[in-house]
1. Considering region 49-77 alone, what residues qualify as being touching a Ser or Thr at 6+ places or on another chain (Cβ under 7 Å) and closer than 16 Å to Ile151 by Cβ?
2. Can you name the residue in region 89-117 that is aliphatic (A, V, I, L, M) and assigned to a loop (DSSP other than H, G, I, E, B) and is also surrounded by the most Cβ atoms within 10 Å (Cβ to Cβ) among such residues?
3. Given the conditions (1) within 15 Å of Val143 (Cα to Cα); (2) polar (S, T, N, Q); (3) at pLDDT 95 or above, and given that Gln28 satisfies all but one, which numbered condition is not satisfied?
4. So in region 212-234, with the set limited to residues that are over 18 Å from Ser193 (Cβ atoms) and among the charged types (D, E, K, R), which one is modelled with the lowest pLDDT?
5. Among the residues of region 49-84, write down those that are within 19 Å of Lys101 (Cα to Cα), out of contact with any Asp or Glu (no Cβ under 8 Å at 6 or more places or on another chain) and of a type in the set (A, V, I, L, M).
6. Scan region 115-133 and tell me whether some residue there is in the same structural domain as Thr85 (by TED's automatic domain parsing) and under 30 Å from Asp82 (Cα atoms).
7. Looking only at region 215-244, filter to residues that are part of a helix (DSSP H, G or I) and among the β-branched types (Val, Ile, Thr); which one of those is farthest from the chain's Cα centre (by Cα)?
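The values are calculated or read from the model by the stated rules, or taken from the named source; none is laboratory data. Note that the structure is a prediction, hence the values are computed from the model and not measured. Counting neighbours? That spans all protein chains shown, and the Cβs are built from the backbone with ideal geometry, glycine included.
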Amino acid sequence: MTEKIFTKAQNEIFNELYQIDVNQNVEQKNKLNYLSWAWAWAEVSKRSNSVSYVVERDPQTNLPYYYDPNTGYMVFTKVTIDGFTHEMWLPVMDGSNKAMKAESYTYQVKKYEKYKWTGEYEDKKVEAATMFDINKAIMRCLVKNLAMFGIGLYIFAGEDMPEDVTMFEPAPERNKKTFIKTIEEIAANNNVSLDKAIEMLTETAKVTADDSKWTRGDLGLLKRGTTWLKDQLEAQKKEKSESE
């Protein structure tokens, strides 16, 4: 399998698409969330220089699905945005998320009465797949494929709203240098080393002291702690002075 390496441009596309609030375009069925494929495609198209998709066809039949008598139908798509491609696949399933086949079949489930299991089992039927079922699976597969680029990905993770993924990006060197200079001044004014000051702040913030690993989120958290650090060091300096 070829390893996929994301470029800066691809990460920027992902960050932009991931932060789109899709909640108003989600439909819930059987406790599962389904995002409108038409809306998702439109949103991606508006934000990309180029976007295209392909529905994979079985080379033996030239049909837009693969079929195995034992496991059922499977559909595949490929989406390319600004030259970068992701693949996705999805089985054709019924309303209970059971694999659909060319012929109907039954399976057993526990039988309940008044929310209590009776100790018995009953048969449930899975209808044979139709082209309507296959078409729905293809479009849902397309939505999952688009989610690999960011849009609506958070609903597949069971989250209510997208997080700000830019907070996980590495902190810019310029911002880190400015911040460290501020901490250096606070440390010098209170007669402690820079390393000691950073250690105090990072331990309290639960952030690594290794500035090469700081993210934007880490740096933002540390910046909010500079006033606390200054107060702590000034209090320690005063206490030491009074004890001498």
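1. Our first condition is that a residue be touching a Ser or Thr at 6+ places or on another chain (Cβ under 7 Å); within region 49-77, this holds for 51-56.
Listed by number, the residues that qualify are Val51, Ser52, Tyr53.
2. Result: Val92.
3. If we test Gln28 against (1) within 15 Å of Val143 (Cα to Cα); (2) polar (S, T, N, Q); (3) at pLDDT 95 or above, just (3) comes out false.
4. Arg216
5. Correct list: Leu63 only.
6. From region 115-133, those in the same structural domain as Thr85 (by TED's automatic domain parsing) are 115-133; that's our starting set.
Among the residues that remain, those that are also under 30 Å from Asp82 (Cα atoms) are: none.
So far as region 115-133 goes, no, none of its residues is in the same structural domain as Thr85 (by TED's automatic domain parsing) and under 30 Å from Asp82 (Cα atoms).
7. Here is the first cut: in region 215-244, the residues part of a helix (DSSP H, G or I) are 216-223, 226-243.
From what's left, among the β-branched types (Val, Ile, Thr): 226-227.
Numbers: Thr226: 32, Thr227: 34 Å.
Among those residues, the one meeting the criterion is Thr227.
Here's the yes/no breakdown for (1) outside the structural domain of Thr178 (by TED's automatic domain parsing); (2) among the basic types (Lys, Arg); (3) in contact with a helix residue (DSSP H, G or I) (Cβ under 9 Å, 6 or more places away or on another chain); (4) under 19 Å from Pro172 (Cα atoms):
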position	(1), (2), (3), (4)
Ala197	no, no, yes, no
Thr204	no, no, yes, no
Thr208	no, no, yes, yes
Arg216	no, yes, yes, yes
Gly220	no, no, yes, yes
Thr227	no, no, no, no
Asp231	no, no, no, no
Glu234	no, no, yes, no
Glu239	no, no, no, no
